[in-house]
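So the structure is just underneath, and the comments pick up after that.
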Amino acid sequence: YEFVKRATFSGFDDRDYKNPQPLEILSPIYQADGSEILSMANAGFQNDALVQQKRALPLQKLHWKSLGVEKAADGSQTARFEAIIKIQDTNEQVLKLTKTYKIILGSYLMECNITIENLIDTQQKVRFNLFGPSGLGREGIRSDMRKVVAGFRDSQGQIVSARQDKKAIINAQNKLDKAKINYDIAKKSGVSNEEIDKLKTQLDKAIIKRKLIQPGANLLWTAAVSKYFAAILVPLPDEGKDYCDWVTDKTGQVYNPDGDRKADSGDEAMGLDLKIASRTLAPSGQADSSKTYNFQLYIGPKDKSLFDKNEYYRKMGFVQTVDFMACFCCPAGIIKPLAFGILALMKWMYGFIGNYGVVIIILVFLMRLAMHPITKKSQISMSKMSKLAPMSEEIKKKYANNKAEMNKQMMALYREQGASPIMGFLPMMVQMPIWIALWSAVYASIDLRGAAFLPFWITDLSMPDALYRFQETIVLPLLGWKIESLNLLPIMMGVAFFLQQK
């Protein structure tokens, strides 16, 4: 094969409680028409003749000849494949394509390069598309954290990223389809040039919305990620350059084989399409008659400690693939450093405790203890406000027609009783980033995947506790929630919360 059909881990399993198997991280995406989308497959190849014919050659359908596998002394293995493009009528050979894969022993990295060589006596302009990593599986039925991400280096040398989840890609594609239809109708219906220009502007914006871009920044890599794993494709820059300038477009794709309207039946898959810039090859035998495109592919866990230990991973900013649950009141700039700090603390504690369940319990207890003074102030303030409620109501009734005097009397009451509405709310806001960061760290930690708390219950801290598993998945009417098991922890939490409030 001239593409990556499957990639399987030896160190991670698929968490099938009945019959666990090695985790298949990349797999074929089967479409409704029976065709496959495969990682690192080439498509949309064009040269001068094909451009004139307004055609593109799907390279994955060529006959690729295997040149065998070479094993090096360091344990790495290299496989090469070759294909010849010919003119159909004359059978003249015009281009030779060579694709090479190198598997590096003991590493999550794989090298790939594609060489295009001109075989005729005149120059040729060539370009092609490339399917990026695709086919990452969904980690659970309740949530889908799969995304496509691109990493860039900005003008200040900082690594920044752009990302799209399934919903964003589908919405952007729907808007693009609508913009295309409106523009085509307008051109045929004879509306004013001003209206056509307006629709063209909307179409251009919709096209840009589909792409992974960071204005003013240079591309480092693109990736398809799930909750715990990432497949990161790094296009290597040409010699003498600091960044790759031959990948022009990076577009996320959502594949929905059964075509369900909500795209949530479980067969959906995500991937990346890369458009490679055109290149003019010199006539055969000359210095620039061939061009080699080099890539590196990381297929492994989203683990900050792993990324930090490896200088190359750190330099490329692979840590940008790790996602946390930020919100409008607690942006990523606040949550991310807190969550990474909590993850580091958890790893340190695990070193001498040896059970992540116990680590989480101790960590929550310590945080509760540290924030007790703030919590206490909030509770005291809310208690005072509750006691003042009858007096507040009297003031509101007495000065119902005079808002200014009512506010004045309310503030006087608060000062007299030593109460403040803001003191009940502010301490809660101070605590929110910490609790969100703790929850995010626990939710995204690769170390918790498959880690047991007890041998008979909560055997995987990254999954629902599953006291009893149902034979079939239950879908709740109206809500659409999918339930695989009876989980005791939410019931216990509900009871504890009720007693606490009581």
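The values are calculated or read from the model by the stated rules, or taken from the named source; none is laboratory data. As the structure is a prediction and not an experimental result, all values here were calculated from the model. Counting neighbours? That spans all protein chains shown, and the Cβs are built from the backbone with ideal geometry, glycine included. What goes into the accessible areas is simple: the full protein's heavy atoms, side chains included, and nothing from ligands, DNA or RNA. Shrake-Rupley method; radii C 1.70, N 1.55, O 1.52, S 1.80 Å.
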Loop-located chymotrypsin sites (Phe, Trp or Tyr not before Pro) in segment 1-103 whose Cβ has at most 14 other Cβ within 10 Å (DSSP): TYR17
May I have the pair-distance distribution P(r) for segment 443-502, computed from all Cα-Cα distances with 5 Å bins from 0 and rounded to whole percent? 4, 16, 17, 20, 21, 15, 6, 1
Expressed in whole Å with the largest first, what are the equivalent ellipsoid semi-axes of segment 48-112 derived from the C-alpha gyration tensor as the square root of 5 times each eigenvalue? 33, 13, 7
Selected from ALA451, CYS244, TYR298, residue furthest toward positive end of dipole (the chain; charges at beta carbon): ALA451
Counting Lys and Arg as +1 and Asp and Glu as -1, each charge on the Cβ, what is the dipole of segment 76-176 about the Cα centre in debye, to the nearest 20? 580
Using the Karplus equation 6.51 cos²θ - 1.76 cosθ + 1.60 (θ = phi - 60°), what ³J(HN,Hα) coupling, rounded to whole Hz, does each residue of segment 47-60 give in order, writing x for Gly and Pro? 10, 4, 5, 5, 5, 4, 7, 6, 10, 9, 9, x, 5, 5
For the chain, the charge dipole (Cβ of Lys, Arg +1; Cβ of Asp, Glu -1; about the Cα centre) points to a positive end, and the Cα of MET429, ALA206, MET382 closest to that extreme belongs to MET382
Taking just the C-alpha trace of segment 255-346, give me its Rg and Dmax in Å. 21.0, 62
Rounded to the nearest percent, how much of the accessible area of the chain (1.4 Å probe, protein heavy atoms only) is carbon and sulfur? 56
Amide H of LEU23 versus every other amide H placed in the peptide plane: which residues, excluding those fewer than 5 positions away on the same chain, fall under 5 Å? PHE9, PHE12, ASP13, ASP14
Once amide H atoms are placed 1.01 Å from N in the peptide plane, what residues at a sequence separation of 5 or more from LYS302, or on another chain, have their amide H within under 5 Å of its amide H? PHE229, ALA230
Determine the distance separating the Cα centre of segment 251-307 from the Cα centre of segment 36-73; give it in Å without decimals. 13
Residue-normalised accessible area of segment 44-200, given per residue in Å² at a 1.4 Å probe: 58
With charges set only on the Cβ (+1 for Lys and Arg, -1 for Asp and Glu), what does the dipole of the chain come to about its Cα centre, in debye to the nearest 20? 1780
Averaged per residue, the 1.4 Å probe accessible area of segment 459-502, protein heavy atoms only, in Å², is roughly 83
What's the angle, to the nearest 10 degrees (0 to 90), between helix 193-209's Cα axis and the longest principal axis of the chain? 80
Whole-Hz Karplus couplings 3J(HN,Hα) for segment 20-36, θ = phi - 60° and coefficients 6.51, -1.76, 1.60, Gly and Pro as x, run x, 10, x, 6, 8, 8, 10, 8, x, 9, 8, 8, 4, 7, x, 6, 10
Which one of ILE276, PRO373, GLY135 is farthest out on the positive end of the charge dipole of the chain, using unit charges on Cβ (Lys, Arg +1; Asp, Glu -1) and the Cα centre as origin? PRO373
Could you bin all the Cα-Cα distances of the chain into 10 Å bins starting at 0 and give me the percent of pairs in each, rounded to whole numbers? 3, 14, 22, 22, 16, 12, 6, 3, 2, 0
Taking N as the number of residues in segment 20-153, what is its alpha-carbon radius of gyration divided by 2.2 N^0.38 Å? 1.30
Quick one: if you stick a label point 7 Å off each Cα along the C-beta vector at ALA370 and MET492, how many nm between them? 2.5
For segment 199-294, the Cα-Cα pair-distance distribution in 5 Å bins from 0, as whole percents, is 2, 10, 14, 17, 17, 14, 11, 8, 4, 2, 1
Give me the base-10 log of I(q)/I(0) for segment 383-480 at each q in 0.20 Å⁻¹, Debye formula, one uniform scatterer per Cα, rounded to two decimals. -1.05
Cα gyration tensor, segment 282-436 - rounded (a/c under 1.5), prolate or oblate: oblate
Cα-based Rg of segment 138-194 normalised by 2.2 N^0.38 Å, two decimals: 1.81
0 to 90° range, to nearest 10: angle between helix 166-189 axis and the chain longest Cα axis: 60
Relative to the chain, whose Cα atoms define the longest principal axis, helix 332-353 and its Cα axis are tilted in degrees, nearest 10, by 90
Quote the charge dipole size of segment 206-278 about the Cα centre in Debye, to the nearest 20; the model charges only the Cβ of Lys and Arg (+1) and of Asp and Glu (-1). 280
Cα extents of segment 264-318 along the principal axes, largest first, in whole Å, come to 47, 39, 14
Which whole-number value in Å² is the accessible area per residue of segment 288-342, probe 1.4 Å? 44
